[in-house]
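For reference, the structure is listed below as structure tokens.
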Amino acid sequence: MDALDRVVKPKTKRAKRFLEKREPKLSENIKNAMLIKGGNANSAVTQVLKDVYALKKPYGVLYKKKNITRPFEDQTSLEFFSKKSDCSLFMFGSHNKKRPNNLVIGRMYDYHVLDMIELGIEKFVSLKDIKNSKCPEGTKPMLIFAGNDFDVTEDYRRLKSLLIDFFRGPTVSNIRLAGLEYVLHFTALNGKIYFRSYKLLLKKSGCRTPRIELEEMGPSLDLVLRRTHLASDDLYKLSMKMPKALKPKKKKNISQDTFGTTYGRIHMQKQDLSKLQTRKMKGLKKRPVERIAEDQERKSKRMKKN
């Protein structure tokens, strides 16, 4: 039995609070990411991990020591670190002759590897190399994905979902205009993924809506897709399952369209249009001859009934 799998009873109030934070919840905690460098990581890969950690702060854990492991062959060490640091996302950097400047990005489900995608770094510009002002720590980014591959190819579609999970940050109910400070832009083109980071500048425009300018902030990466380890459809569907308590209760005769517009259906009894009150006009009044004919029809109907 693993040391982390055994049932631990807290001896202090601090330990009790710590274990309560890790218990399953209806609304889960913010996903943390661990950034690990392999036993043969070079300076470029190490700097990439540091820059990604700077974007992820404070929802990240950077392991400074080298860890000799191969995620696609043995995942036990990643699962151990995930349980130890309570992280459901990871990025692993390594470098060798066969796969130079290698990045593995993935996510966990129940402390087991769910998805894992290997990317190769072809070009890298660090945060330090771009001499511009940076965004404060913990800023929630805006994510933009460009390219048909993100919607057509299954590997790219799963990579898009993984990148959204990795960089989305905390879920917020309201957003103010001044809080939109930087953009992460991902472009899929000709078999490559271009990762760019921009700072958002709000300029005066002479009207209520400000003029927007983008200033490159860094880091900048040109990536190429290598190996993939994707979860089966059943396991992926299970990981996306929403608890019953969080599902919105259906209300009768109320529906919403894709744009969030609410529609209501009203059920009414059948109306007798002959008794409907209309605007009285002289031209619509019945003539005496028509009244006499209607009276005779009514009398004949009564006689037949009797």
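A residue that is open to solvent by 40 Å² or more (accessible area, probe 1.4 Å), among the hydrophobic types (A, V, I, L, M, F, W, C), closer than 20 Å to LEU163 by Cβ and part of a helix (DSSP H, G or I) occurs nowhere in the stretch 67-83.
Looking at VAL45, is it at pLDDT below 90 and touching a Leu at 6+ places or on another chain (Cβ under 9 Å)? Judged against the criteria, VAL45 is not a match. Restricting the stretch 190-226 to residues that are loosely packed, with under 15 Cβ neighbours inside 10 Å and basic (Lys, Arg) leaves a set whose member that is modelled with the highest pLDDT is ARG226. Remark: pairs (first residue in the stretch 18-37, open to solvent by less than 70 Å² (accessible area, probe 1.4 Å); second residue at pLDDT below 75; Cβ separation under 9 Å; 6+ apart in sequence or on different chains) = LEU19/VAL8. In this structure, SER173 does not qualify as in contact with a Lys or Arg (Cβ under 6 Å, 6 or more places away or on another chain) and outside any strand (DSSP E or B). Of everything in the stretch 114-126 that is touching a Ser or Thr at 6+ places or on another chain (Cβ under 9 Å) and open to solvent by 30 Å² or more (accessible area, probe 1.4 Å), the residue that is farthest from HIS229 (Cα to Cα) is VAL125. Inclusion of LYS97 among residues that are at pLDDT 90 or above and loosely packed, with under 12 Cβ neighbours inside 10 Å is warranted. Does ALA146 meet the test of being within 24 Å of GLY93 (Cβ to Cβ) and within 19 Å of the chain's Cα centre (by Cα)? In short, no.
Restricting attention to the stretch 199-214, the residues being of a type outside the set (Gly, Ala, Ser) and part of a loop (DSSP other than H, G, I, E, B) number 5. Which count do you get for residues in the stretch 104-113 that are surrounded by fewer than 21 Cβ atoms within 10 Å (Cβ to Cβ) and either modelled with pLDDT of 95 or more or assigned to a strand (DSSP E or B) (or both)? The total comes to 3. Restricting the stretch 158-189 to residues that are closer than 16 Å to ILE144 by Cβ and open to solvent by 40 Å² or more (accessible area, probe 1.4 Å), the residue that is modelled with the lowest pLDDT is ILE175.
Filtered by the rule that a residue be open to solvent by 10 Å² or more (accessible area, probe 1.4 Å) and touching a Pro at 6+ places or on another chain (Cβ under 9 Å), the stretch 45-59 gives GLN47, ALA54, LEU55, TYR59.
The values are calculated or read from the model by the stated rules, or taken from the named source; none is laboratory data. It should be emphasised that the depicted structure is a prediction, and the values quoted were computed from it without experimental measurement. Please note: Cβ atoms are built from the backbone with ideal geometry, for glycine as well, and neighbour counts cover all protein chains shown. Side chains included, ligands, DNA and RNA excluded: accessible areas come from the protein's heavy atoms. Shrake-Rupley method; radii C 1.70, N 1.55, O 1.52, S 1.80 Å.
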